[in-house]
Amino acid sequence: MWLRRKDRYEPSTTSNFCFARWSTEEPKKAGGAAVDKTKGTLGFWIYLMTDCVLFASLFATFMVLRGGTAGGPDGKDIFDLSFVLVETVLLLLSSLASGMALLAAHAGHRTHTLRWLEATGVLGVAFLSLELFEFSTLVAEGHSWTQSAFLSSYFGLVGTHGLHIFAGLLWLGGTWLYIYKRGLSGRLYEQAYHVYDVLAFP
């Protein structure tokens, strides 16, 4: 005997009789997981492209306006290259630590992943602190964003990068908390890592 419920049939054999059994589980759609992954990948690449456009515009603006000092100092007069080197090294080490965290996550090492994420966060905070110190020093010396077009473009470019670092640290903190409470999820962490890497290192 067959029963019809919502146009779905599911036969079940009990003794010598065939009964219809209704299942509340929806059938899995073919390729559903692949579609979800494709959507996530597409969304990430759309975000990445918009971020590239943003920073390309800021860099182009800086290159055009860097000579507009209005009689004030230019880059070589106010920037300490050794200070810039330290900031660059911190960024590179932070990116390395983030990559090590990703490898640890793929290997299933939860504790190592958390430790590398912590190292990434510490290095990111150190870089952001140096950037804020640099800004405060320039402003204290009278070299604020209002002094010239060159400084306006510089503060706009580096300030936007600093906001990216801050957003990346927030994302990193959320990822750390998730892994600490719920364990590793390869897809979740991989997406989180890529977003953090783009936020922090454009």
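Laboratory data are not the source of any read-out in this text; all were calculated from the coordinates shown. Everything quoted here is computed from the prediction, not taken from an experiment. With ideal geometry, Cβ positions are generated from the backbone for all residues, glycine too; neighbour counts draw on all protein chains shown.
Could you tell me which numbered condition residue 118 fails, if it satisfies all but one of (1) acidic (Asp, Glu); (2) surrounded by fewer than 15 Cβ atoms within 10 Å (Cβ to Cβ); (3) farther than 21 Å from residue 177 by Cα; (4) within 26 Å of the chain's Cα centre (by Cα)?
All conditions pass for residue 118, except number (3).
For the range 133-186, what are the residues that are outside any helix (DSSP H, G or I), under 30 Å from residue 117 (Cα atoms) and in contact (Cβ under 8 Å) with a residue 12 or more places away in the chain?
183, 184
Matching residues to (1) loosely packed, with under 11 Cβ neighbours inside 10 Å; (2) out of contact with any Phe, Trp or Tyr (no Cβ under 7 Å at 6 or more places or on another chain); (3) on the phi < 0 side of the Ramachandran plot:
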| site | (1), (2), (3) |
| --- | --- |
| 51 | no, yes, yes |
| 68 | no, no, yes |
| 73 | no, yes, yes |
| 85 | yes, yes, yes |
| 96 | no, yes, yes |
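Of the residues that make up the range 83-100, is at least one closer than 26 Å to residue 148 by Cα and not in a helix (DSSP H, G or I)?
no
Do you know which residues across the range 121-142 are surrounded by 17 or more Cβ atoms within 10 Å (Cβ to Cβ) and either touching a Leu at 6+ places or on another chain (Cβ under 6 Å) or small (Gly, Ala, Ser) (or both)?
Those that are surrounded by 17 or more Cβ atoms within 10 Å (Cβ to Cβ) and either touching a Leu at 6+ places or on another chain (Cβ under 6 Å) or small (Gly, Ala, Ser) (or both): 121, 123, 124, 127.
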